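Student: Sharing a structure with you now.
The values are calculated or read from the model by the stated rules, or taken from the named source; none is laboratory data. Everything numeric here is computed off the predicted structure, so don't read it as measured data. We place every Cβ from the backbone using ideal geometry, glycine too, and count neighbours over all the protein chains shown.
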């Protein structure tokens, strides 16, 4: 069986980390794309992101359907919005009803909320085995250092089924 890295990236930070994980592990990778664009600047950026989380929005994903049966490990990456994971990740979890998988989580954020985000993700993904989590504060400020940490973390994940 193999590994899938699935992520949503808003500003590119989560994408950089996801690509490094996939490269390190030889994993497949999928970036979640939505039919809806979010505002990317100013107050509207934070307002729409926070509102989307608070109201539990599940935007339509425009990705090709993923056959999760070929993966025993799924690594999920998200920015932290309002102390939670992003609505596209909510759509993914809702659409795929993930059960019996090995799950690792990573998050990027501007300075907080990662543990709350991980707790919420684990609740949404109950029925799976969690094998690791890591967060990156302000990843663009020290990208090389974060990518180095990413490689170390990915190499330490227990990848074999027990």
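Student: Those residues that are at pLDDT below 95 and farther than 27 Å from residue 57 by Cβ, I need them from the range 1-38; list them, please.
Tutor: 1, 2
Student: Which of the residues belonging to the range 12-35 are at positive phi and free of Cβ contacts under 8 Å to residues at least 60 places away in the same chain?
Tutor: Result: 26, single match.
Student: Now for a separate question. Just checking, which of 122, 152, 141 is surrounded by fewer than 17 Cβ atoms within 10 Å (Cβ to Cβ) and either farther than 17 Å from residue 75 by Cα or touching a helix residue (DSSP H, G or I) at 6+ places or on another chain (Cβ under 7 Å) (or both)?
Tutor: 141
Student: Would you confirm, using the coordinates I've provided, whether residue 59 is buried (at least 16 other Cβ atoms within 10 Å of the Cβ), over 12 Å from the mean Cα position of the chain (by Cα) and under 20 Å from residue 34 (Cβ atoms)?
Tutor: Considered against the rule, which asks whether it is buried (at least 16 other Cβ atoms within 10 Å of the Cβ), over 12 Å from the mean Cα position of the chain (by Cα) and under 20 Å from residue 34 (Cβ atoms), residue 59 comes out as yes.
Student: For residue 158, all conditions in the list (1) surrounded by 13 or more Cβ atoms within 10 Å (Cβ to Cβ); (2) in contact with a strand residue (DSSP E or B) (Cβ under 9 Å, 6 or more places away or on another chain) hold save one; what is the number of the exception?
Tutor: Residue 158 satisfies all of (1) surrounded by 13 or more Cβ atoms within 10 Å (Cβ to Cβ); (2) in contact with a strand residue (DSSP E or B) (Cβ under 9 Å, 6 or more places away or on another chain) except (1).
Student: I'd like the full set of residues that are crowded, with 19+ Cβ neighbours inside 10 Å and over 19 Å from residue 66 (Cα atoms), limited to the range 87-112.
Tutor: 106, 107, 108, 109, listed by residue number.
Student: To continue, here is another question. Which one is nearest to residue 52 (Cα to Cα), of the residues in the range 73-97 that are part of a loop (DSSP other than H, G, I, E, B) and out of contact with any helix residue (DSSP H, G or I) (no Cβ under 7 Å at 6 or more places or on another chain)?
Tutor: 86
Student: Taking the range 15-38 on its own, how many of its residues are in a loop (DSSP other than H, G, I, E, B) and surrounded by fewer than 17 Cβ atoms within 10 Å (Cβ to Cβ)?
Tutor: So the count comes out to 6.
Student: Would you check which residues across the range 39-64 are at pLDDT 70 or above, in contact with a helix residue (DSSP H, G or I) (Cβ under 9 Å, 6 or more places away or on another chain) and on the phi < 0 side of the Ramachandran plot and list them?
Tutor: Result: 52, 53, 57, 58, 59, 60, 61, 63.
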